[in-house]
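Enquirer: One structure is given below, represented as structure tokens, and several questions about it will come after.
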Amino acid sequence: MKKKTLVVFGILLLVAIILFFLIKTNIFNKQAKNPKNSAESIADNRPSYLLPGFPIDQVPLHQLEEISSNKIFVNTDPKNTSTFDKTNYAYYNVVFLTKASQQELLDFYKNFFDEQIVEEYNSPDMVKGTVGEYQVSVAHYGADNTAYMQVHLPNYQDQTVENYFAEYPDIFKNNELSIEHEKSYGLLNQKGGEIEYTKYFTVLDSGDLDNDGQDDRDEFKLLEEEYKEKYQNELNYRFDETTRTLSWNQGDYEAHLVLQADHGRIYLMLRKSMDG
């Protein structure tokens with residue numbers, strides 16, 4: 001009886017061991033086949049230079065080596081449309097170095113998307129699709145190991161988006177001659193780490209109000225004169241005649257203001273050290 005009990009116990013133990021290895025192997029196989037379960041999407045492994053709130057759990061950065069920059073943009077320019085043909089939009093932009101080849105990276109996201117967006121004229125360097133509530137584009141141009149990702153949010157007016165701009169530095173304000181059409185906030189992996197804010201403003205052309213066949217006033221000339229006078233006494237002020245760029249330092253920030261008449265816009269860029 002004792003021998004019989006030992007034999008039965010031994011058989012049960014052997015079956016348990018076999019089942020354990022089968023289950024374990026099956027789990028690993030599932031993880032390998034399903035990229036959504038991969039370690040890349042675990043928030044605890046969040047890379048540096050990734051904005052708080054970026055949906056890394058839902059949209060992994062495949063074979064990540066290093067993040068070059070991560071920004072969030074909000075665009076309300078009626079003349080602009082997103083890569084998904086929308087006006088008034090907000091999106092995360094990530095530039096990162098990947099260990100994957102161009103083909104490996106694009107194939108990964110094709111399989112990863114809930115639904116791939118196929119257009120009439122698809123770029124061979126880019127794939128688009130949906131992941132949950134997000135619309136995502138990923139590009140790799142093959143020249144090096146740099147990948148480019150955009151993650152478009154469902155609502156550009158969401159409070160979580162506005163929170164990124166809660167501490168926007170009070171350095172520059174536009175006047176009635178221009179209207180704000182884009183703003184961004186981001187983290188840059190350069191110079192030991194930088195914080196960047198940008199905006200662009202569309203200059204409003206008054207046109208020919210008196211119908212004499214000529215533009216009534218040169219808005220860019222007026223703006224240039226105004227801003228030169230306003231910022232000329234700031235630390236390290238300088239003006240580049242070729243690029244029509246005003247530069248100066250204010251507080252922790254290095255400021256650049258570009259008056260781009262060809263584009264009909266004013267571009268503002270503010271940067272400071274992440275340690276500042």
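Enquirer: Can you name the number of the only condition in (1) assigned to a strand (DSSP E or B); (2) farther than 28 Å from T76 by Cβ that E104 fails?
Expert: (1)
Enquirer: Any chance region 138-160 includes a residue that's surrounded by 13 or more Cβ atoms within 10 Å (Cβ to Cβ), within 18 Å of S184 (Cα to Cα) and among the aromatic types (F, W, Y)?
Expert: Among the residues of region 138-160, at least one is surrounded by 13 or more Cβ atoms within 10 Å (Cβ to Cβ), within 18 Å of S184 (Cα to Cα) and among the aromatic types (F, W, Y), which makes the answer yes.
Enquirer: So, one more: Would a scan of region 92-111 turn up a residue that is at negative phi and modelled with pLDDT under 95?
Expert: No: zero hits.
Enquirer: Next question. Would region 254-276 turn up any residue that is modelled with pLDDT under 95 and under 20 Å from the mean Cα position of the chain (by Cα)?
Expert: Checked against the condition, which is being modelled with pLDDT under 95 and under 20 Å from the mean Cα position of the chain (by Cα), region 254-276 yields at least one hit.
Enquirer: At pLDDT 95 or above, in a loop (DSSP other than H, G, I, E, B), surrounded by 15 or more Cβ atoms within 10 Å (Cβ to Cβ) and not polar (S, T, N, Q), is that true of F201?
Expert: Spelling it out, it is not the case that F201 is at pLDDT 95 or above, in a loop (DSSP other than H, G, I, E, B), surrounded by 15 or more Cβ atoms within 10 Å (Cβ to Cβ) and not polar (S, T, N, Q).
Enquirer: Are any residues in region 113-152 within 14 Å of Y91 (Cβ to Cβ) and either of a type in the set (S, T, Y) or outside any strand (DSSP E or B) (or both), and if so, which ones?
Expert: T130, E133, Y134, S137, Y148
Enquirer: I'd like to verify a number: residues in region 48-71 that are over 17 Å from Y134 (Cα atoms) and either under 14 Å from the mean Cα position of the chain (by Cα) or of a type in the set (G, A, S) (or both), how many?
Expert: Residues that pass the stated criteria total 6.
To keep it simple, each residue is scored yes or no on (1) more than 23 Å from P154 (Cβ to Cβ); (2) assigned to a strand (DSSP E or B); (3) at pLDDT below 50.
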residue: V15; (1), (2), (3): yes, no, yes
residue: K36; (1), (2), (3): no, no, yes
residue: G53; (1), (2), (3): no, no, no
residue: P60; (1), (2), (3): no, no, no
residue: I67; (1), (2), (3): yes, yes, no
residue: V74; (1), (2), (3): no, yes, no
residue: F84; (1), (2), (3): no, no, no
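Enquirer: Further question: Residues being under 24 Å from Y168 (Cβ atoms) and either in contact (Cβ under 8 Å) with a residue 40 or more places away in the chain or aromatic (F, W, Y) (or both): count how many of those fall in region 240-272.
Expert: 15
Enquirer: Can you run down the residue pairs with Cβ atoms below 7 Å, 6 or more apart or on separate chains, where the first is in region 53-69 and in the same structural domain as E115 (by TED's automatic domain parsing) and closer than 19 Å to E104 by Cβ and the partner is of a type in the set (A, V, I, L, M) and outside any strand (DSSP E or B)?
Expert: Filtered contacts from region 53-69: H62/A100; H62/L105; Q63/A100; I67/L50.
The values are calculated or read from the model by the stated rules, or taken from the named source; none is laboratory data. Remember, it's a predicted structure, so these values are computed and weren't measured experimentally. All Cβ positions, glycine included, derive from the backbone under ideal geometry; neighbour counts span all protein chains shown.
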